[in-house]
1. Is it the case that some residue within the stretch B:112-135 is over 35 Å from the mean Cα position of the chain (by Cα), of a type in the set (Asp, Glu), assigned by TED's automatic domain parsing to the domain that holds B:Arg204 and at negative phi?
2. For the stretch B:410-442, enumerate the residues that are part of a loop (DSSP other than H, G, I, E, B) and either aromatic (Phe, Trp, Tyr) or more than 30 Å from B:Ser260 (Cα to Cα) (or both).
3. Would you please name the residue that is surrounded by the fewest Cβ atoms within 10 Å (Cβ to Cβ), looking only at residues in the stretch B:386-409 that are assigned to a loop (DSSP other than H, G, I, E, B) and over 22 Å from the mean Cα position of the chain (by Cα)?
4. Of the conditions (1) part of a loop (DSSP other than H, G, I, E, B); (2) buried (at least 18 other Cβ atoms within 10 Å of the Cβ); (3) within 14 Å of chain A (Cβ to nearest Cβ); (4) not hydroxyl-bearing (Ser, Thr, Tyr), B:Asp178 fails just one. Which one is it?
5. With (1) in a loop (DSSP other than H, G, I, E, B); (2) buried (at least 24 other Cβ atoms within 10 Å of the Cβ) as the list, and A:Ser300 as the residue in question, which single condition is left unmet?
6. Checking A:Glu29 against (1) in contact with a helix residue (DSSP H, G or I) (Cβ under 8 Å, 6 or more places away or on another chain); (2) not in a helix (DSSP H, G or I), which test does it fail?
7. Filtering the stretch B:188-204 down to residues that are part of a loop (DSSP other than H, G, I, E, B) and touching a helix residue (DSSP H, G or I) at 6+ places or on another chain (Cβ under 7 Å), which residue is surrounded by the most Cβ atoms within 10 Å (Cβ to Cβ)?
8. Could you check the stretch B:65-82 and list, in sequence order, the residues that are under 22 Å from B:Gln114 (Cβ atoms) and at the interface with chain A (Cβ under 9 Å from one of its Cβ atoms)?
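The values are calculated or read from the model by the stated rules, or taken from the named source; none is laboratory data. Note that the structure is a prediction, hence the values are computed from the model and not measured. Glycine gets a Cβ as well: all are built from the backbone with ideal geometry, and neighbour counts include every protein chain shown.
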Amino acid sequence: MEKQLKKVDIIFDKGECYNPIEILDKALERSPDDIINDLIDSGLKGRGGAGFLTGLKWKFTRLQEGDEKYVICNADEGEPGTFKDREILDQVPEKIFVGMTICSYVIGAKEGFIYLRAEYNFLLKNLQKKLDLFNRQLKERAIDFVIQLRSGSGAYVCGEESALFESMEGHRGEPRNKPPYPTVAGYNKKPTVINNVETLVYVAMISRLGAEKFKELGTKDSRGSKVFSVSGDTPKPGIYELELGMTLSQFVDEFADGDAKAVQVGGASGSCVPRKKFAETIIGFEGIPTGGSMMVFNSSRSMYNVLHDYLEFFAEESCGQCTPCRVGCQQLLKGIEAVKRGEKPASYLDDLKKLTATMKIAAKCGLGQSVANPFNSIVDNFKEEIIY
Amino acid sequence: MSKYFVNLKINNTPVKVEEGTTILQAARQANFRIPTLCDHPDLQVAGNCRVCVVEVKGAKLLAAACATPVSEGMEVFTNSEKVRTSRKHIIELLLSEHNADCTKCFKNGNCELQSLASEYRVGDHVFLDLVKPKDKILDISSPSIVKDDSKCVRCQRCVRTCADLQGVSALAVINKGDQQKISTFLSKPLHDVVCTNCGQCVNRCPTGALTERNYIEEVWDAIYDPNKFVVVQTAPAVRIALAEDLGFDPGLRVTGKMVSALRRLGFNKVLDTDFSADLTIIEEGNELLTRLKKVLVDKDESVALPMMTSCSPGWIKFQEHLFPGLLKNLSTCKSPQQMFGALAKTYYANKINIKAQDMIVVSIMPCTAKKYESNRPEMRDSGYQDVDYVLTTRELAMMIRQAGIDFEKLDDEHYDSILGESTGAGVIFGATGGVMEAALRTAYEIVTGREVPFNNLNITPVRGMEGVKEAVIPITGVKPEWNFLEGVNLKVAVAHGLANAKILMEKVSRGEADYHFIEIMGCPGGCLGGGGQPIPTSPEIRQKRAEAIYAEDESMSLRKSHENPEVISLYEDFLGDPNSHKAHEFLHTHYRPRKRY
């Protein structure tokens, strides 16, 4: 049965259930294992885009030995076209704090950090104020956990978890080799849970509402709802919490201006879906997963320019340490320019596509690995626009 | 702790390796070679070039073999279609941002990128040329090292070398993406930053991005100039490494053939830095004894202990930048190269009736910092630049090849006299701990009248590749004039590689070290691992060179510096006593504090 587009109000809900510290108090009445099982049962997957089962991540970290563990909230929301975390941080930060505290209780962490992207520094003051209050509440409850804020410096790659740890440790923000994964060796090389802002809020809300309630929403592979950042050629850009599992057609019907020729799902590193595939494309882990960015392009847009912009972005934001990403991004960018100018034949696009296949499997981190997504989806679906 | 073993398959061949082994190491054990570029046996794993990617069954991504530990049941393929395609792409990408003017490159023939390119025959360039014109502007500000960004492959070996082995971090990564590059503090020229000129980065650069500033043409010009009398001196560590650059295995001693080759190149006299190494021991040994007396007897608070050796110019500049407060601890003795230079253009020129202005002194050094040292304004005590040109071991090998000399067939020849005689104590200057050992052989004997109480004069506690070594030599039964040393436990420490020096200096700075004498060599393994030595380098190669040094020592009839007859007559004819006024004029120097930034 096809899902209908359904707006949901969980994340931002400040209704009768909005007393964050109460959510925490109730959550802490349960055992860590119960909380983990509940999370796994709920099917909650990370809302940053990669979609790892949150409960499992916590479980792995809980099973690690050692007194020093960390909870980190990844608020380095740098994906072009994504701006939902900003709103969450602004509107309901307490829910994030609660999610982090539940996590600390489950894995045994004494310190938590919110890594805030540099561009969101305007939120710092307000966040710090609310955090001070929250930390005080924790202290009153004799909960041995403190949350601190850390500010990034503007590099996109620092949203990659291991680069984020490097940045927090005061080093150059470059992704690490994996394994080891954060659950084993994260911040300060200690077991660390790092979750997206939105994920932590869902953790809090699942505690409040129960896994069953959450599971009612979404599909088998994509449980629950998700906050979307809608931008581009839309009469109503903004932030919307929607049930997962809708088709892109439903999305376009609701949000586009009637002339949508493509939607870029998942930001610059996501995939471009052309009009002819709107109906068959499901937004979710069974279709195209997304960290929330939905950019709508109507027929007035040049898809060459769109791709060019994305590639410029990646060529600049690659950390530069690994060859496939550093050089590959530049080659893709210069390559489509050369094809456009007629200096390279159209068949050169096939050489570049082969290159993206290498980048996808040989780059060190998700940044270089994902450039293939926009490149191939735009080149395959809008070849004429790229060449002529 | 018991060892756990892991079973895996590499290219369908079962392999059993210790837990924690990387795929790369496991493949080596199974005799599969995986190409690498950013990997280096002396450095931490980086995993950034991606040349070593391999396919692991069941994994979506390829794994960097250098950075991925093996796991039980793993099935690895090192040459599958995916691997080969990706690897070739990666090599092509590296070449696309590399200024591949190989025929004009100093590293032509000894370049790891060139080898990869030739192995994979990436002939017709698929990708666009990305070399930036601004990167083609060379940094030639340093008299030791040339930096050519257009040849850099961003493997960061130099960065890891400078930070981890040397504790200096003169080189670091700046910017990101297409602007990412290896640079210095505020992108200043190498000459204006904390760089010690040690050249360890040069030893580990896989391409021609970092090379020594070469003076081969200048030296040929001097040799061909009929009005110049060109003398050459060879450092201790050159004779045990030169062969590596001429096609031989590490550890071969070629002293006699090297002397013979230098004559055939046209040098007027072939002399030995080992001679001035012996001389250094006399000066430095006496300086140490004087300092000990001033501190222990005279209670002179202006005299600093521990005294630290001053032979290694990379170490000297390191100290000037990073620990200027400890400059008074440095021995005022010049390095053997500079003692030689000052004497060559005075004492020696006079002996052989050559005007100093007509003499050109060339040094063959295992070192790039020596190029800087010879240019220091302090090093002009003869009235001229004491040492005119410094060539690395590599440059000498290049000259030998250029001259068409069949090195293997050369007869062994002897150094010219004077300034050519040396002892085993001079030779071991080339290995970490060698200066300490040589100094102890002499100082102990001066004080007690007896040989150092070690079997066959081999002071093994100060030998070996441990980063920081310590030893205590009890002094008993002293001669009457050294009464104040009776019963003193002489405490010494030896460090090599500037990161180890840093550990020791921090200890001294904190006042936690009660050593009397410290030997520091700027490079790992001492001069035998110097920045001017043949490339490649590794712990195994340096070990072989060290064995060769000590074998050379044992092969010498004289093994104590104070027994060097030419040194004895130098004092009789020219200098007078050790640390005399004249000795100070020519053989000692001073240091200057330098800024870190």
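1. Looking through the stretch B:112-135, at least one residue is over 35 Å from the mean Cα position of the chain (by Cα), of a type in the set (Asp, Glu), assigned by TED's automatic domain parsing to the domain that holds B:Arg204 and at negative phi.
2. B:Tyr415
3. B:Gly404
4. Unmet for B:Asp178, out of (1) part of a loop (DSSP other than H, G, I, E, B); (2) buried (at least 18 other Cβ atoms within 10 Å of the Cβ); (3) within 14 Å of chain A (Cβ to nearest Cβ); (4) not hydroxyl-bearing (Ser, Thr, Tyr): (1).
5. (2)
6. (1)
7. B:Cys198
8. Of everything in the stretch B:65-82, just one residue is under 22 Å from B:Gln114 (Cβ atoms) and at the interface with chain A (Cβ under 9 Å from one of its Cβ atoms), namely B:Cys66.
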